[in-house]
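Below is one structure, written out as structure tokens; the observations come after it.
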Amino acid sequence: MIRGNILPARTTAALETMAQIRRFFDESEWSRRFGDPDICDFTIGNSHDMPLPGYVEALARRVAPENRYWYAYKQNEPSSRSIVADSLRVERGIPFEKEDIFMTTGATGALHVVLQTIVEPLDEVIFISPPWFQYEGMIILAGGTPVRVKVDMKTYDLDLGAIEDAISPKTRAVIINSPHNPTGKIYSSGTLKSLAGILTAASERNGRAVYLISDESYSRIVFDGRAYHSPTSFYPNTFLIYTYGKVLLTPGERIGFIALPPDMPEKAAIRSALETMQMLAGWVFPNALLQHALGDLEQLSVDIALLQRRRDRMVKALRGMGYETSNPEGTFYVIVRSPVADDVAFVRMLAGYNIFCIPGTFMDLPGYFRITLTANDEMIERALPGFAEALRRVK
């Protein structure tokens, strides 16, 4: 790792935060055996089934250029913005305007652009823990100070009192993620209304907006017929972040967006700042082919009922063995309490049974591990005896 004075201290800190995770992805037994047909891979959200046929067909239909600018530089293309705005109006019942849609390279690009746009040195950004593992580093890279607030681990709901206590005169934003990775919790309308009240009061007290950054990457992966509520319905100073990579299970094809609610204050200035930052941050616009195909991609989805059946199978089987697990309301993750305190050691033990999971320690969740339901059915059935044997072994 680069050390010393070559990089700014805040950049070095972000690299240190990611070092353990990077080693897992680059140097672990899982990384050495990635793609091995004998392993049961529950690590990250790669699909272990073939891609959706409709996805491949949508891209194929747009490969041949229809004009000489087909593969020219692309920005926030009007057609893409219209597709997203129309979809959000139907899906959320909110009259989003196409000028308030900013096409990005997935949720990662969107989060970087928003944080770089609104965060100034010494600003604090609250993020909810257990977190998606890049939030903290992104805040640091934007020049801000990350402030960690734990969820209520009994209910997996937002701890509104802890969020309120964490807000200071320096607070610039709060990042939430619903449905939540890794717990699968969907925040209710009541919870979001209460959070909106807390942020409204804090904005008035601080004399400037405390923004809400709503990571809604899994908003279309919801189980048991539950309703999904977006904070944009309750708090106007919200940046909606979305990626198509989850619902389509195509994380290697980066397309997503930022959406501003119609009643967001100071929108004209924010619109201009976001588009400028998209250019400065490395041309954070999706590539031409994905934008041309977006009308078709918007209509597609992984089989949510299949993911729900996998959730039910995995949760019932693991609980029957004696594991303590979540029962996610959305996303495609299940968190499981490790039967030994050292979750990294237990995940290493599971690898001896050709089962690969993510240790909870990587997500500020020591004593747990995470299972990804994008493993195929055959992997799940093949892994269950190994889970049972590992539990017997430690007991």
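Laid out as a table, the results:
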{"item": "Qualifying helices (runs of 4 or more DSSP H) (wholly inside the stretch 288-338; at least 3 residues being modelled with pLDDT of 95 or more, farther than 30 Å from residue 75 by Cβ and assigned by TED's automatic domain parsing to the domain that holds residue 387)", "result": "304-321"}
{"item": "Output for the stretch 346-365, where each listed residue is under 18 Å from the mean Cα position of the chain (by Cα), closer than 20 Å to residue 38 by Cα and not in a loop (DSSP other than H, G, I, E, B)", "result": "358"}
{"item": "Some residue of the stretch 374-381 being free of Cβ contacts under 8 Å to residues at least 40 places away in the same chain and outside any loop (DSSP other than H, G, I, E, B)", "result": "yes"}
{"item": "Residues that are under 20 Å from residue 366 (Cα atoms), in contact with a helix residue (DSSP H, G or I) (Cβ under 9 Å, 6 or more places away or on another chain) and not β-branched (Val, Ile, Thr), drawn from the stretch 316-331", "result": "318, 322, 323, 324, 326, 327, 328"}
{"item": "Qualifying residue in the stretch 61-77 (condition: in contact (Cβ under 8 Å) with a residue 12 or more places away in the chain, touching a strand residue (DSSP E or B) at 6+ places or on another chain (Cβ under 6 Å) and not assigned by TED's automatic domain parsing to the domain that holds residue 358)", "result": "yes"}
{"item": "All positions within the stretch 227-251 that are in contact with a Gly (Cβ under 8 Å, 6 or more places away or on another chain) and over 17 Å from residue 195 (Cα atoms)", "result": "241, 242, 243, 244, 245, 246, 249, 251"}
{"item": "Residue 163 vs. criteria hydrophobic (A, V, I, L, M, F, W, C) and at pLDDT 95 or above", "result": "yes"}
{"item": "The stretch 316-340, subset over 18 Å from residue 375 (Cβ atoms) and within 25 Å of the chain's Cα centre (by Cα), residue surrounded by the most Cβ atoms within 10 Å (Cβ to Cβ)", "result": "338"}
{"item": "Single unsatisfied condition, residue 99 versus (1) modelled with pLDDT under 95; (2) in a helix (DSSP H, G or I)", "result": "(1)"}
{"item": "So residue 91, is it in contact with a helix residue (DSSP H, G or I) (Cβ under 9 Å, 6 or more places away or on another chain), surrounded by fewer than 22 Cβ atoms within 10 Å (Cβ to Cβ) and acidic (Asp, Glu)", "result": "no"}
{"item": "Criterion: in contact (Cβ under 8 Å) with a residue 12 or more places away in the chain, among the small types (Gly, Ala, Ser) and crowded, with 22+ Cβ neighbours inside 10 Å - qualifying residue of 162, 107, 166, 85", "result": "107"}
{"item": "Residues being of a type outside the set (A, V, I, L, M) and either crowded, with 19+ Cβ neighbours inside 10 Å or not assigned by TED's automatic domain parsing to the domain that holds residue 191 (or both) - total across the stretch 234-272", "result": "16"}
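The values are calculated or read from the model by the stated rules, or taken from the named source; none is laboratory data. Bear in mind that the values here come from a model prediction, so they are computed numbers and not experimental data. Glycine gets a Cβ as well: all are built from the backbone with ideal geometry, and neighbour counts include every protein chain shown.
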